[in-house]
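What follows is a short report on a single structure.
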Amino acid sequence: MLNKIHRLTKGVEFQDILRNGSKAYGMMVVIRYKKHDENKIGFIVSTKVAKNATDRNRIKRLLREVVRREFLEKMKGYWVVMVAKKDIVDKDYAQIKHDLQISFKKRGLI
């Protein structure tokens, strides 16, 4: 679980990043990001990606855990919103980690 200080919680924060942030595309996620003083991350998994709430929650838990373990300490001060794509549904931790690593390095987030 991400600490509260590392979570985007307000709708205004999400809207600001989605409207004004830069984009990075991965195979499983679209990463919207904006330079900021601190690292904060939010996740969006729509019903178009997974119909069942349990599947959407599983995807969000996997994304949170990958980010917490692998990327949070390496990030250089960004607010990030990760929007899941349909391809993420049956993927495991290692596959998601690999995709995020490529996307983060491509854009210089880590």
#### Entry: Top-ranked residue in segment 26-53 [being over 17 Å from Phe71 (Cβ atoms) and not β-branched (Val, Ile, Thr); ranked as modelled with the lowest pLDDT]
Asp37
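Which one is surrounded by the fewest Cβ atoms within 10 Å (Cβ to Cβ), of the residues in segment 13-30 that are touching a strand residue (DSSP E or B) at 6+ places or on another chain (Cβ under 8 Å) and assigned to a helix (DSSP H, G or I)? Outline the logic, then answer.
Initially, segment 13-30 is screened for residues touching a strand residue (DSSP E or B) at 6+ places or on another chain (Cβ under 8 Å), giving 13-14, 16-18, 20-25, 28-30.
Still in the running and assigned to a helix (DSSP H, G or I): 13-14, 16-18, 20.
Working: Glu13: 17, Phe14: 17, Asp16: 16, Ile17: 21, Leu18: 16, Asn20: 9.
If we take residues in segment 13-30 being touching a strand residue (DSSP E or B) at 6+ places or on another chain (Cβ under 8 Å) and assigned to a helix (DSSP H, G or I), then Asn20 is surrounded by the fewest Cβ atoms within 10 Å (Cβ to Cβ).
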### Query
Within the set of pairs 6+ apart or on separate chains, which have a first residue in segment 94-107 that is closer than 12 Å to Leu63 by Cβ, a second that is charged (D, E, K, R), and C-beta atoms under 7 Å apart?
Lys97/Glu70
### Query
within 18 Å of Leu100 (Cα to Cα) and modelled with pLDDT of 95 or more, is that true of Arg19?
no
### Message
Which condition from (1) surrounded by 11 or more Cβ atoms within 10 Å (Cβ to Cβ); (2) in contact (Cβ under 8 Å) with a residue 40 or more places away in the chain is the one that Met75 breaks?
### Response
(2)
### Task
Determine whether segment 17-28 contains at least one residue that is under 13 Å from the mean Cα position of the chain (by Cα) and under 20 Å from Met1 (Cα atoms).
no
#### Entry: Qualifying position, being under 25 Å from Val12 (Cβ atoms) and modelled with pLDDT of 95 or more, among Ala94, Ala84
Ala84
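Looking only at segment 31-60, which residues are under 11 Å from the mean Cα position of the chain (by Cα) and not in a strand (DSSP E or B)?
Quick first cut of segment 31-60, residues under 11 Å from the mean Cα position of the chain (by Cα) only: 31-33, 40-45, 59-60.
Val45, Ile59, Lys60 - these are the residues of segment 31-60 that are under 11 Å from the mean Cα position of the chain (by Cα) and not in a strand (DSSP E or B).
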### Query
Which number in (1) buried (at least 19 other Cβ atoms within 10 Å of the Cβ); (2) assigned to a helix (DSSP H, G or I); (3) not hydrophobic (A, V, I, L, M, F, W, C) marks the one condition that Glu65 misses?
(1)
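The values are calculated or read from the model by the stated rules, or taken from the named source; none is laboratory data. What you see is a predicted model; the values in this text were computed from it and never measured. Heads up, the Cβs are rebuilt from the backbone with ideal geometry, glycines too, and the neighbour counts pull from every protein chain shown.
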